[in-house]
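First the structure, in the form of structure tokens, and then the observations on it.
Each reported figure results from applying straightforward, stated rules to the coordinates on display, with no laboratory input. Just so we're clear, the structure is a prediction, and the values are computed from it rather than from any experiment. Cβ sites come from the backbone with ideal geometry, for glycine too, and all protein chains shown count toward neighbours.
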Amino acid sequence: NFRNERISSIMSQSRFLEILQMLHLNDNTKMPKIGEPNFDKLFKIRPMLSHFQKSFREAFDPSRYLSIDETMLPFKGRSSLKHQGFKVWVMCCAVTGYLLSFEFCDGKTVAEGCLGKTVVGGLCDGFQGLNYCLFFNRCLSSFSLINQLLQNGFYCCTTILPRRIVFPASLLKQDKSLKFGEFDFATSNYMCLVKWKDSGSKSVCVVSTMDDPSETVRVSRTNSVGKKESINCPAPVATYNKYIGGVDLFHQQLANYSIQWKSK
């Protein structure tokens, strides 16, 4: 029972829903029309979103490690922004799971190859030059983005698809040449690219600007016959696996304090 007498004695649920139905967070008379350059699908709640963005950043001092991923907000009402819910890109502290920044996916057309720059650039705005380490997956990664982040004072560690046009496949061993637990790497300036043969037939490719690719740690993996085996894992891959789960940690904590729970 989540009933709170102090709250329920002040306002009933029906009264709250009446107020909520009439609540306006922005001046609708100033809302740009569809087709205008500054049209915003989230115009009606933009002041609230901006307030949350500012408050989240001011309320907490995160660790150096930040992870970026997408999340879904379930929603059954009518909206042009959702399919099964609202898709939101979020950046969380990789150690605590604290939400620092978020951007709703509003359906705007993004040029091919620019999704990562748009999403990561927007989430990281205001954190430049503080030597934060960013972790995100291959759907956002590109070599040009990694270079841009480094110039703006961010280190990063991310997986990347070998099918990328600029992927230097000739500098690394082919998958069939690597045995279970073996790896190869290439470096350029402050960036390293590591290919590691994990469980399965395909290798894992990680790009990092914060680790020495020649360093390794021991990890336990299941080999081809189903037995656990201790093998070498390159430092960039181990670091990525350690800190990429910040958004998952955020989801776990969110589930513990769900606002969907109903009182009696």
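Applying a threshold of 32 Å to the alpha-carbon distances of 179/242; 117/195; 87/176; 44/242; 195/228 flags 87/176; 44/242 as lying beyond it. When the inverse distances between all different Cα atoms of the chain are averaged and flipped, the Kirkwood radius reads 21.4 angstrom. Below 8 Å, C-alpha to C-alpha, sequence gap of six or more: please give me the relative contact order for region 1-49 in percent. That works out to 32 percent. Would you look at the GNM of the chain, springs on alpha carbons closer than 10 Å, and say which of 91, 48, 191 moves the most? Of 91, 48, 191, the most mobile in the Gaussian network model is 48. Computed per residue of the chain from DSSP H runs no shorter than four, each worth -39500 (n - 2.57), the mean residue ellipticity at 222 nm is -7000 deg cm²/dmol. Output the 0 to 90 degree angle, nearest 10, between the alpha-carbon long axis of helix 13-22 and the longest principal axis computed from the alpha carbons of the chain. Taking Cα atoms only, the helix is inclined about 80 degrees.
Along the chain, the longest continuous region that contains none of the chymotrypsin sites (Phe, Trp or Tyr not before Pro) in a DSSP loop with at most 15 other C-beta atoms within 10 Å is 76-179. Note on region 1-49: along the principal axes its Cα atoms extend 49, 18, 13 Å, ordered by decreasing extent. Note on the chain: antiparallel DSSP beta bridges, both residues inside, total approximately 85 percent of the bridges counted. For the chain, a simple Cβ point-charge model (Lys and Arg +1, Asp and Glu -1, everything else neutral) yields a dipole of about 840 debye relative to the Cα centre. Reducing region 1-64 and region 140-165 to their Cα centroids gives an inter-centroid distance of 34 Å. Each of 123, 51, 72 was scored by the projection of its Cα onto the charge dipole of the chain, and the greatest displacement toward the positive side belongs to 72; charges sit on the C-beta of Lys, Arg, Asp and Glu.
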